1. Condition first: in contact with a Pro (Cβ under 8 Å, 6 or more places away or on another chain) and modelled with pLDDT under 85. Can you find one or more residues in segment 14-24 that meet it?
2. Quick check on this structure: which one of Thr76, Thr43, Thr64, Thr71 is hydroxyl-bearing (Ser, Thr, Tyr), part of a strand (DSSP E or B) and closer than 22 Å to Glu7 by Cβ?
3. Looking only at segment 24-37, how many residues end up being of a type outside the set (D, E, K, R), out of contact with any Gly (no Cβ under 9 Å at 6 or more places or on another chain) and surrounded by fewer than 16 Cβ atoms within 10 Å (Cβ to Cβ)?
4. Scan segment 68-78 for residues that are in contact with a Pro (Cβ under 8 Å, 6 or more places away or on another chain) and crowded, with 17+ Cβ neighbours inside 10 Å and jot them down.
5. Quick one: how many residues across segment 68-81 are in contact (Cβ under 8 Å) with a residue 12 or more places away in the chain and under 19 Å from Thr24 (Cα atoms)?
6. Among Ile59, Ile44, which is more than 16 Å from Cys79 (Cα to Cα), among the β-branched types (Val, Ile, Thr), surrounded by 11 or more Cβ atoms within 10 Å (Cβ to Cβ) and modelled with pLDDT of 90 or more?
7. Among the residues of segment 13-33, which ones are under 11 Å from Asn49 (Cα atoms) and either acidic (Asp, Glu) or in contact with a Ser or Thr (Cβ under 9 Å, 6 or more places away or on another chain) (or both)?
8. Could you pull out the residue among Val84, Val13, Val65 that is free of Cβ contacts under 8 Å to residues at least 12 places away in the same chain and surrounded by 11 or more Cβ atoms within 10 Å (Cβ to Cβ)?
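The values are calculated or read from the model by the stated rules, or taken from the named source; none is laboratory data. Please read these numbers as outputs of a predicted model, since none were measured by experiment. Quick reminder, even Gly has a Cβ in these numbers, built from the backbone with ideal geometry, and neighbours come from all protein chains shown.
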Amino acid sequence: MSDGRDEELIERVRNTAGLILAITENRSWIEFFFEGDLMHTQTINLPGNAIFDIYVEEIPHKTTVYEHPRTMIFFTGPCDIEIVREGNKIIVRGLNQQAAGMV
């Protein structure tokens, strides 16, 4: 989807089991949960007063649950991801450990 030239890295998260995408009161956020512990989460707040197109790429997933105003995606297994911003797009994509410098 992107050639990487105008991307701004927002965050990298390791070993996630899935994510929740949500919009509440003019605020978008992404919350990650982790394998074996659904109560342990990490929230990434996106810049306020802006609505983004959010894309999830290159992450194998087994289930997507939509319940307004949020969407929950369960990955097929633990996954390292990165979140980047490209204009009004937020891209959440899977990383292999070598590309992420996490080895």
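1. Looking for residues that are in contact with a Pro (Cβ under 8 Å, 6 or more places away or on another chain) and modelled with pLDDT under 85, one finds at least one in segment 14-24, hence yes.
2. Thr43
3. 3
4. Of everything in segment 68-78, just one residue is in contact with a Pro (Cβ under 8 Å, 6 or more places away or on another chain) and crowded, with 17+ Cβ neighbours inside 10 Å, namely Phe75.
5. Adding up the residues that qualify gives 5.
6. It is Ile44.
7. Glu25
8. None of the other options fit; the residue is Val65.
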